[in-house]
1. How many angstrom separate the Cα center of the stretch 51-108 from the Cα center of the stretch 168-198?
2. Let me know the shape class of the stretch 1-40, please: from the alpha-carbon gyration tensor, a ≥ b ≥ c as square roots of the eigenvalues, rounded when a/c is under 1.5, otherwise prolate if a/b is greater than b/c, or oblate.
3. Short version: ³J(HN,Hα) in whole Hz for each residue of the stretch 127-136, in order, from phi by Karplus 6.51 cos²θ - 1.76 cosθ + 1.60 (θ = phi - 60°), x for Gly and Pro, what are they?
4. Given a Förster distance of 30 Å, report the FRET efficiency between Phe2 and Arg136 from their Cβ-Cβ distance, rounded to the nearest 0.05.
5. Name the long-range amide H neighbours of Leu29: under 5 Å, sequence gap of 5 or more, or other chain; modelled H, no Pro or chain starts.
6. Quick one: length gained pulling Leu29 to Val149 fully straight, 0.36 nm per residue minus the C-alpha distance?
7. Per residue of the stretch 180-195, in order, report the coupling 6.51 cos²θ - 1.76 cosθ + 1.60 (Karplus, θ = phi - 60°) as ³J(HN,Hα) in whole Hz, putting x for Gly and Pro.
8. Give me the number: length gained by fully extending Leu22 to Thr44, i.e. 0.36 nm times residue separation minus the C-alpha to C-alpha distance, one decimal in nm.
Amino acid sequence: MFPTQHLIICEHCDCVYEKAVLGKHQKTLCARCGGVLQRYNGLTVEQRLALSVTAAMLWLFANFYPVMSISMKGLKNSATLWDSVLALSQGPITFMAMVAAISIIIAPAFQLVLLIWVLSFALSARRAPGFKLCMRWLETLRPWSMLEVCLLGAMVAVFKLAGLLDVLPGIGLFALAVLSLMMIRIAGRDIRDLWDIL
Ligand SMILES: [Zn+2]
C-alpha cells in the first residue's frame, strides 16, 4: 500500500500535497484555494503540556472569579461567566444560554482536559488510552470554543457600562483574556502533529 504519512490534504478543497518541513514564521498555503495547510509551531510536547496546565488554572480563575463588578449609588453587583449563563437562561431565549454555556465554559474545559490527558502520555512518547477518540474530539470541539468572542463581548460591555455606572473589571476578565490567547496557541490545528510523533 502507498504510504500516506507524509501527505497532507487541504481541508477546504481536498487537494493532496506532500508535507513540508517549516522554519520559523513559515506556513504553507494550498495552491488551488489559498487555504492554510501547515503553520510553523515551535512548541515541544513539554511546553504544550505546561501551557495546557496553566490554561486549566486560568479557566478556574475565569469561571470562579467575577468578570466585572458594577456599582451605582452604593449598590454593588458582580457577575461570573456562570452568572451570565444563568441570567440568559431566565430570559426569553433559553436556547442561547445553552449555546453560551457550551461555547464559553464547557467546550474549553473539555479541550483542556483532553489536551492534558493526551499530552501527559505523549511526554513519555506513548499514545494515551482512547488517543484516536480524544484527537477527533479536539477537532470537533475547536469551532465550538469561542472564548475570544466572549472576551470581546465582555470588553464591549465594560466600556459601554463605564459611561453609566462605576464598572470595575474583575480577575475573571483578565484570566479570560490570557486564557483565550493561550487556547489559540495550544489547541490550534497543529495539535495534529501528535498523530505523526506518536
Ligand atoms: Zn485547498
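Values quoted throughout were computed directly from the atomic coordinates according to the rules given, and no laboratory measurement underlies them. Because the structure is predicted, anything quoted here is derived from the model rather than measured. Cβ sites come from the backbone with ideal geometry, for glycine too, and all protein chains shown count toward neighbours.
1. Using only Cα atoms to place each centre, the spacing works out to 18 Å.
2. oblate
3. Each residue of the stretch 127-136 in turn: 7, 5, x, x, 3, 4, 4, 4, 5, 5 Hz.
4. 0.80
5. Distant-sequence amide H within range of Leu29: Leu37.
6. 40.6 nm
7. Per-residue couplings from phi come out as 5, 5, 5, 4, 4, 6, 9, 10, x, 4, 5, 4, 4, 4, 4, 4 Hz.
8. Full extension from Leu22 to Thr44 adds 6.5 nm.
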